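First the structure, in the form of structure tokens, and then the observations on it.
The values are calculated or read from the model by the stated rules, or taken from the named source; none is laboratory data. Everything quoted here is computed from the prediction, not taken from an experiment. Here Cβ is always computed from backbone atoms with ideal geometry, including for glycine, and neighbour counts include all displayed protein chains. For the accessible areas, the whole protein counts, side chains as well, though only heavy atoms, and no ligand, DNA or RNA atoms are used. Shrake-Rupley method; radii C 1.70, N 1.55, O 1.52, S 1.80 Å.
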Amino acid sequence: MNSAEILHWLHEQDPDRLQILWDRADSLRRKHVGDAVHLRGLIEFSNNCRSCCQYCGMRADRRSLERYRMTEHEILTSAREAVSRGYGAIVMQSGEDSGLDAEWLAQIVETIKRETPLAVTLSCGERSRDELVCWRKAGADRYFLRFETSSRALWKSIHPPRTKDSPHRLEILNGIKDLGYETGSGIMVGIPGQTWASLVDDIEWFRRLDLDMIGSGPFIPHVETPLGRTSLQSPQHAIPDQVPNTELMTYKVMALTRLACPRANIPTTTALATLNREQGSKLGLERGANVMMVNLTPPKYRAFYEIYPEKACIGESPLDQKHRVSTLLASLGRYAGGGPGTSPNFQIRRSAATPAVTRS
Ligand code: 5AD
């Protein structure tokens, strides 16, 4: 698939022709990653953040947001909940928490790896090489960091770098891969300022980076952020070739991602489910995705992990959550994957090379 074909599909509006794209993505999904849907227990363990991304509701200077960091005991309890539900992996996600002690997190990862069969994904933002090495040595299997957009100009305008020589996330991702992590990234679809050409580039970057996990979701404006405010108050200021932040565009990106990276794990995201609570996850899983996130953050913290407003499943009870997931999988004729659900992309890469850092 070349860039002209990607662009053509991104512009396609005809439902019958789009059905061809959905069918292609679905059959590639079945062929390369099978019918299992891997469930990942999501633990949003800290909403502290030192970064001031223009789009994100957890940005450092949003003073009105109450901040939390879960205790070790709370994190381990959520991890054990994942085990008791039969999930093979957890995703420990946080803001770019400057108070996050690398040794503290390493010790928690070590405990989880020692006491459970879980694969552990960390997603804690742009961290130093020392921290990434420390967590990898502690046994963390995967690291997830979205590059959000491959357009350097757009990135610069929405993400103030912390230091003047902070590397671009595309470079950080290569470092993460070199440490032997199963590596994930993704973008936001329809960020104000995102052009069709840059979205084509993003999908080509997925392939070029040889990513193992690719999670992309729609941009959802948050009124307490600079970018959210302008996009809500003056949508007429959008650039002429602005990509829309719609549900349909998100499915197109997911399906094209499957075409570009057939062996990657592709989650259907909470942001997508937020745009369409009834059908979003189902349609995502029918249009390329093979992974689903299930929120295991203790309910008392969930509303504070407010990246964007009206996040789906904030008030859902564990019983309702289990029921929703099993009904969804049954309606698709698919089943929950057992074990860690490592992506075939990573299995192939791992068998071809010895990682630089192995578990101590
Ligand atoms: N809408 C949708 N997704 C967002 N993210 C941050 N802010 C928003 C928003 N307003 C996504 C980013 C980030 C991930 C944790 O959440 O892609 O990497």
(Q) I need the calculated FRET efficiency for the pair Leu232 and Arg67, taking r as the beta carbon distance and R₀ as 25 Å, to the nearest 0.05. (A) 0.55
Q.
Please compute the length gained on full extension between Ser27 and Val133, using 0.36 nm multiplied by the number of residues separating them and subtracting their Cα-Cα distance.
A. 34.4 nm
Q. Looking at the chain, what % of the alpha carbon pairs are farther apart than 36 Å?
A. 14
Q: Would you list the P(r) distribution for segment 9-83, with all Cα-Cα distances sorted into 5 Å bins from 0 and each bin expressed as a whole %?
A: 3, 12, 12, 10, 9, 12, 12, 14, 12, 4, 0
Q. For segment 244-360, what is the relative contact order in percent, using Cα pairs closer than 8 Å and at least 6 residues apart in sequence?
A. 26
Q. Computed FRET efficiency, Cβ-Cβ of Ala352 and Asp16, R0 41 Å: what is it to the nearest 0.05?
A. 0.50
Q. Given a 1.4 Å probe and every protein chain left where it sits, what share in percent of the accessible area of the chain is carbon and sulfur?
A. 52
Q | Shape of segment 134-213, Cα gyration tensor, a/c cut at 1.5 | A | oblate
Q | Rounded if a/c under 1.5, otherwise prolate or oblate - segment 236-289, Cα gyration tensor axes | A | oblate
(Q) Restricting to Cα pairs below 8 Å that are 6+ residues apart, what does the relative contact order work out to for segment 1-160? Please round to a whole percent. (A) 21
Q: Calculate the length of the line joining the C-alpha centroid of segment 210-278 to that of segment 65-128, in whole Å.
A: 26
**Q.** Taking the chain and dividing mean pair separation by its residue count, relative contact order in percent (alpha carbons under 8 Å, at least six apart)
**A.** 26
Q) If Lys and Arg each add +1 and Asp and Glu each add -1, what is the summed charge of the other residues whose beta carbon sits under 10 Å from the beta carbon of Gln347? A) +1
Q: Mind checking the per residue accessible area of segment 60-159 for me, 1.4 Å probe, whole number of Å²?
A: 40
Q | Label-point separation, Thr111 to Asp35 (7 Å along Cα→Cβ), nm | A | 4.0
